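Okay, so here's the structure we're looking at.
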Amino acid sequence: MTTTERAKELAVVAATAASEKKAEGLIALDVSEQLVLTDVFLVATGQNERHVSSIVDAVEEALHGEGVKAVRREGMTQARWVLLDFGDIVVHVQHEEDREFYALERLWRDCPVVELPEFDEPAE
């Protein structure tokens with residue numbers, strides 16, 4: 001089974017919100033063939049804990065505007081790796097060190113990438 005159009009739409013909305021908060025390394029993976037609980041993993045990177053928190057807030061606000069509310073949130077206390085479960089999509093916002101260490105895209109490399117719009121990478 002492949003991901004639903006709704007999951008793809010929500011991934012784009014979440015990625016756009018994250019991008020507006022200068023999230024880096026945005027990638028959406030179609031995990032629908034591997035998992036029965038969700039269709040898409042969206043992974044984003046924040047520079048520090050405050051940045052991770054602001055990305056999470058923006059994503060939640062944007063998806064709330066689409067009528068979708070997180071059914072589960074994990075990691076907000078430390079804000080190093082926050083997982084937001086919206087049912088159709090799961091958003092992982094990670095501190096850059098945790099992103100490198102856990103390398104979710106490597107773990108899920110057999111899954112197809114869901115196309116996202118081109119976002120400008122933040123200037124260094």
Per-region count, region 54-100, residues of a type in the set (A, V, I, L, M, F, W, C), modelled with pLDDT of 95 or more and either in a loop (DSSP other than H, G, I, E, B) or farther than 22 Å from A7 by Cα (or both)
4
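From the list V13, V52, V93, V43, exactly one residue is closer than 17 Å to F119 by Cβ and touching a His at 6+ places or on another chain (Cβ under 7 Å). Which is it? Walk me through it before giving the result.
Values: V13 fails: touching a His at 6+ places or on another chain (Cβ under 7 Å); V52 fails: closer than 17 Å to F119 by Cβ; V93 fails: touching a His at 6+ places or on another chain (Cβ under 7 Å).
When all the criteria are applied, what remains is V43.
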Pairs returned, first residue in region 11-39 that is in contact (Cβ under 8 Å) with a residue 60 or more places away in the chain, second residue that is in a loop (DSSP other than H, G, I, E, B) and polar (S, T, N, Q), beta-carbon separation under 7 angstrom, 6 or more apart or interchain, are D30/T2; D30/T3; V31/T38
Selected residue (criterion: surrounded by the fewest Cβ atoms within 10 Å (Cβ to Cβ)) from residues of region 69-113 that are in contact (Cβ under 8 Å) with a residue 60 or more places away in the chain and among the β-branched types (V, I, T)
V113
Scan region 42-51 and give yes if some residue there is under 13 Å from the mean Cα position of the chain (by Cα) and of a type in the set (D, E), otherwise no.
no
Per-region count, region 101-120, residues over 16 Å from Q47 (Cα atoms) and part of a helix (DSSP H, G or I):
4
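The values are calculated or read from the model by the stated rules, or taken from the named source; none is laboratory data. Fair warning: this is a prediction, and the values are worked out from it, not measured in the lab. As a convention, Cβ positions derive from the backbone with ideal geometry for all residues, glycine included, and neighbour counts pool all protein chains shown.
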